[in-house]
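One structure is given here, and the rest of the page talks about it.
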Amino acid sequence: MSIELSPKATEIADYTQSLLVSGGYNSFSYATIAAQVKISKASIHHHFPSKAELVQVVVARYRETARQGLSMIEQAHPQPLDALNAYMNYWSGCILEGVSSFCICAMLASEIPSIPSEVADEVRGHFEDLSTWLSNILALGSEQGVFVLNNTPETEARALMAYVHGSMLAARGLGDPQVFPTLTALAVDRLTAQSS
């Protein structure tokens, strides 16, 4: 799928992403978007014939950005613990500064039973991307004696992913952004405690 968009389509997609962060797939309609981006619903349909296609494109763009971000973390932080902390710090910064309080794929994952299959496929793809990246980081850290894993790197990566998204949920539910870095620091401490 090509993710290159016209300037107006980009504006529509960007606003849609913010709506997904705040309320998920079922929280908005094309009327919501039309009012914000000053475009008719018919014009939105010109760019994105269906809501499913729009959200699929938004999630595909999100996945691409996430893959690039993870690659940049790995290049800037070749040591596994530093890379893992950089990932946690990225989300801490987003949440504490109010840039983004939630991963859109985590939000959409909770809606998988009711969202279109093409969107669900992109969401699952993001979880696979992130799980693979975390698994590689944890495996390398385990080989270097930095992390102590109680399961396979793949299982530990999925547990860590659940910890990160659960921490986002806890921060949102408690209305306290500081909850996220506090909880994710515990997750990293658990991985490193026995290796110290």
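Is it true that Ser18 is more than 17 Å from Ala120 (Cα to Cα), at pLDDT below 95, among the hydroxyl-bearing types (Ser, Thr, Tyr) and out of contact with any Phe, Trp or Tyr (no Cβ under 7 Å at 6 or more places or on another chain)?
Working: more than 17 Å from Ala120 (Cα to Cα): yes; at pLDDT below 95: yes; among the hydroxyl-bearing types (Ser, Thr, Tyr): yes; out of contact with any Phe, Trp or Tyr (no Cβ under 7 Å at 6 or more places or on another chain): yes.
So Ser18 passes the test.
Here is a list: Ile39, Ile12, Ile33. Which entry is at pLDDT below 95 and surrounded by 17 or more Cβ atoms within 10 Å (Cβ to Cβ)? Show your work before the answer.
Values: Ile12 fails: at pLDDT below 95; Ile33 fails: at pLDDT below 95.
Within the list Ile39, Ile12, Ile33, the selection yields Ile39.
Leu149 passes every criterion in (1) under 17 Å from Arg190 (Cβ atoms); (2) modelled with pLDDT under 95 apart from (2).
Which one is surrounded by the most Cβ atoms within 10 Å (Cβ to Cβ), of the residues in segment 66-103 that are of a type in the set (Ser, Thr, Tyr) and closer than 27 Å to Gly175 by Cβ?
Filtering segment 66-103 for residues of a type in the set (Ser, Thr, Tyr) gives 71, 87, 90, 92, 100-101.
Restricting the remaining residues to those that are closer than 27 Å to Gly175 by Cβ gives 87, 90, 92, 100-101.
Numbers: Tyr87: 23, Tyr90: 14, Ser92: 20, Ser100: 16, Ser101: 18.
Step by step, filter segment 66-103, then rank; the result is Tyr87.
Would you mind stating whether Met1 is more than 15 Å from the chain's Cα centre (by Cα) and at pLDDT below 95? In short, yes.
The values are calculated or read from the model by the stated rules, or taken from the named source; none is laboratory data. It should be emphasised that the depicted structure is a prediction, and the values quoted were computed from it without experimental measurement. Quick reminder, even Gly has a Cβ in these numbers, built from the backbone with ideal geometry, and neighbours come from all protein chains shown.
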